[in-house]
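Working notes, structure below.
The values are calculated or read from the model by the stated rules, or taken from the named source; none is laboratory data. Predicted model only: the values in this text are computed from it and were never measured. Note that each Cβ is placed from the backbone with ideal geometry, even for glycine, and that neighbours are counted across all protein chains shown. The accessibility values were calculated without ligands, DNA or RNA, using every heavy atom of the protein model including side chains. Shrake-Rupley method; radii C 1.70, N 1.55, O 1.52, S 1.80 Å.
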Amino acid sequence: MDEKRRVKKYLFRKKVLAVCLTFIIMFYFAINLIKSGEVLYENAKESAGQMLSGDISLKQMVGQIEESLTDDAYERMKFVELFSYTNVLLDKREINNFAYIKDETGSLHYSSFYRERQTELFEYAMRVKRLKDYVGSRDTEVLFVVAPSKFVPNDNRLRSGMPVNNPQPVVDELLFYLNRLGVDTLDLNRVIPCKEVPYEEAFFRTDHHWTIDAAYYSTKVLAQRMNEDFGYDLDTETYLSEDSYTTVRYEQGMLGSMGRGSGANFSGLDDFNAYYPNFKMNFYRNTLGEDGLYRDQEGDIIGTLVLPDVLKNNSNIYSDSQYSLYINGLRQHEQIKNLDNPEGLKIFMIRDSYFSPVMAFMAPMCGEIDAMWSLEDMDQLNIEEYIRSNEFDCIIIEFYPYNIGEEGFRFFEGE
């Protein structure tokens with residue numbers, strides 16, 4: 001009899017717990033409907049429309065809806081931070097099932113237990129070669145640039161056994177093919193970090209991007225390389241000297257994409273060094289927004305290319321990135337015209353977000369910088385057609401190592 005009572009009490013406690021948990025889940029679900037119901041509905045409606053039109057499969061539609069439910073959940077970041085703090089108490093160096101790995105300096109990295117070998121690297125190099133051959137008749141120079149990654153082999157920053165994703169073998173193989181095909185290359189992994197910009201100052205701990213210090217130094221390297229190899233006359237003494245910019249340090253205000261994914265409790269916050277130009281210069285800027293519409297603006301370099309309001313409005317570290325100080329971070333397509341130097345060098349960049357500050361530093365030395373996102377996926381943009389329809393003095397193709405893949409080389413695919 002006593003045994004039956006114990007079993008009944010045990011089952012009763014389990015039922016009470018199940019009812020309480022169900023009530024909490026339903027209550028939270030109701031709050032989500034009240035606070036985010038309209039957004040969730042619109043996202044679900046858009047996903048369903050894409051499936052019905054054949055753009056995505058049923059599985060992809062369900063995945064998009066699940067992602068929306070997660071990303072738009074009410075007070076989502078409070079749950080993320082609670083989980084983040086739990087991992088700190090456990091003294092863990094990985095989080096979210098090895099989504100990110102933290103080294104002993106506190107810097108976050110991508111992980112990779114197994115990475116399939118990229119077999120199309122030679123084809124990617126051939127596409128760049130075809131591009132170079134096509135514009136060669138127009139006396140257009142081509143330079144392929146690889147931005148640096150945070151991974152540094154054998155530097156003893158990681159705990160033993162941490163499977164950090166090392167992209168350098170892919171970079172080395174691609175650059176080998178490009179060099180053999182006669183394409184000029186610049187591997188900034190061989191430049192950053194360095195004595196002038198050591199590792200701790202070269203990368204954000206909470207983000208995959210390099211710092212503005214590293215971008216500024218790399219712009220000097222890039223401009224010098226273009227002057228030496230292509231015979232250009234980019235005025236680095238006037239526009240890239242130490243006296244050309246004032247540096248302002250913003251402490252503990254930067255939370256990068258990795259930090260937003262892991263939680264600030266796990267990643268900490270970064271300091272941010274901003275470079276403000278000491279000179280005046282007028283620019284015209286035309287950008288393509290996510291809504292498919294172009295918008296233009298005109299004015300001084302501060303306000304068109306360097307946007308202090310980004311830092312003034314940096315009240316939510318989970319949605320606002322200080323890295324967007326320079327040309328709003330990344331746009332699908334944009335044109336920057338130097339109104340004070342209309343006869344200057346005309347450059348087309350196929351680039352990713354690493355080159356946002358570089359574009360701001362290069363623009364004063366050029367006449368025009370025209371740029372498209374290397375991973376763009378919009379019907380109204382076509383990199384190859386744009387190159388065939390326009391003429392440039394130089395084309396710079398820039399890739400962050402982890403972006404090297406089929407989606408980034410959708411140009412000159414045929415003979």
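From L21, L17, L33, L40, grab the single residue that is within 30 Å of the chain's Cα centre (by Cα), among the aliphatic types (A, V, I, L, M) and more than 26 Å from D379 (Cβ to Cβ). Give the derivation first.
Numbers: L21 fails: within 30 Å of the chain's Cα centre (by Cα); L17 fails: within 30 Å of the chain's Cα centre (by Cα); L33 fails: within 30 Å of the chain's Cα centre (by Cα).
Sole residue among the options that is within 30 Å of the chain's Cα centre (by Cα), among the aliphatic types (A, V, I, L, M) and more than 26 Å from D379 (Cβ to Cβ): L40.
From S319, S324, which residue is under 29 Å from I95 (Cα atoms), in a helix (DSSP H, G or I), free of Cβ contacts under 8 Å to residues at least 40 places away in the same chain and of a type in the set (S, T, N, Q)? Steps first, please.
Details: S319 fails: in a helix (DSSP H, G or I).
Checking each option against the conditions leaves just S324.
Inside the range 349-383, can you point out the residues that are more than 23 Å from P401 (Cα to Cα), open to solvent by 10 Å² or more (accessible area, probe 1.4 Å) and not hydrophobic (A, V, I, L, M, F, W, C)?
E368, D379, Q380
Restricting to the range 1-39, give me the number of residues that are within 21 Å of F79 (Cα to Cα) and either touching a residue at least 40 places away in the same chain (Cβ under 8 Å) or not in a helix (DSSP H, G or I) (or both).
Summing the residues that are within 21 Å of F79 (Cα to Cα) and either touching a residue at least 40 places away in the same chain (Cβ under 8 Å) or not in a helix (DSSP H, G or I) (or both) in the range 1-39 gives 3.
For every residue, the table says whether it meets (1) assigned to a strand (DSSP E or B); (2) surrounded by 15 or more Cβ atoms within 10 Å (Cβ to Cβ).
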site: V62; (1), (2): no, no
site: I65; (1), (2): no, yes
site: S68; (1), (2): no, yes
site: V80; (1), (2): no, yes
site: T86; (1), (2): no, no
site: D91; (1), (2): no, no
site: I101; (1), (2): yes, yes
site: E104; (1), (2): no, no
site: H109; (1), (2): yes, yes
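Across the range 257-282, which residue is nearest to the chain's Cα centre (by Cα) among those that are among the small types (G, A, S) and open to solvent by less than 10 Å² (accessible area, probe 1.4 Å)?
Going through the range 257-282, the residues among the small types (G, A, S) turn out to be 257, 259, 261-264, 267-268, 274.
Then drop every residue that is not open to solvent by less than 10 Å² (accessible area, probe 1.4 Å), which leaves 259, 262-263, 267, 274.
Numbers: G259: 13, S262: 16, G263: 18, S267: 18, A274: 18 Å.
Looking at the filtered set, the residue picked out is G259.
Being open to solvent by 30 Å² or more (accessible area, probe 1.4 Å) and either farther than 27 Å from H209 by Cα or touching a residue at least 12 places away in the same chain (Cβ under 8 Å) (or both) narrows it down to one of L121, L58, so name that one.
Numbers: L121 fails: open to solvent by 30 Å² or more (accessible area, probe 1.4 Å).
Checking each option against the conditions leaves just L58.
Out of E413, E334, E385, E343, which single residue is under 23 Å from the mean Cα position of the chain (by Cα) and of a type in the set (D, E)?
Numbers: E413 fails: under 23 Å from the mean Cα position of the chain (by Cα); E385 fails: under 23 Å from the mean Cα position of the chain (by Cα); E343 fails: under 23 Å from the mean Cα position of the chain (by Cα).
Selected residue: E334, the only one of E413, E334, E385, E343 that is under 23 Å from the mean Cα position of the chain (by Cα) and of a type in the set (D, E).
When you scan the range 171-180, do you find a residue that is modelled with pLDDT of 95 or more, hydroxyl-bearing (S, T, Y) and either open to solvent by 40 Å² or more (accessible area, probe 1.4 Å) or out of contact with any Phe, Trp or Tyr (no Cβ under 7 Å at 6 or more places or on another chain) (or both), even just one?
Yes, the range 171-180 contains a residue that is modelled with pLDDT of 95 or more, hydroxyl-bearing (S, T, Y) and either open to solvent by 40 Å² or more (accessible area, probe 1.4 Å) or out of contact with any Phe, Trp or Tyr (no Cβ under 7 Å at 6 or more places or on another chain) (or both).
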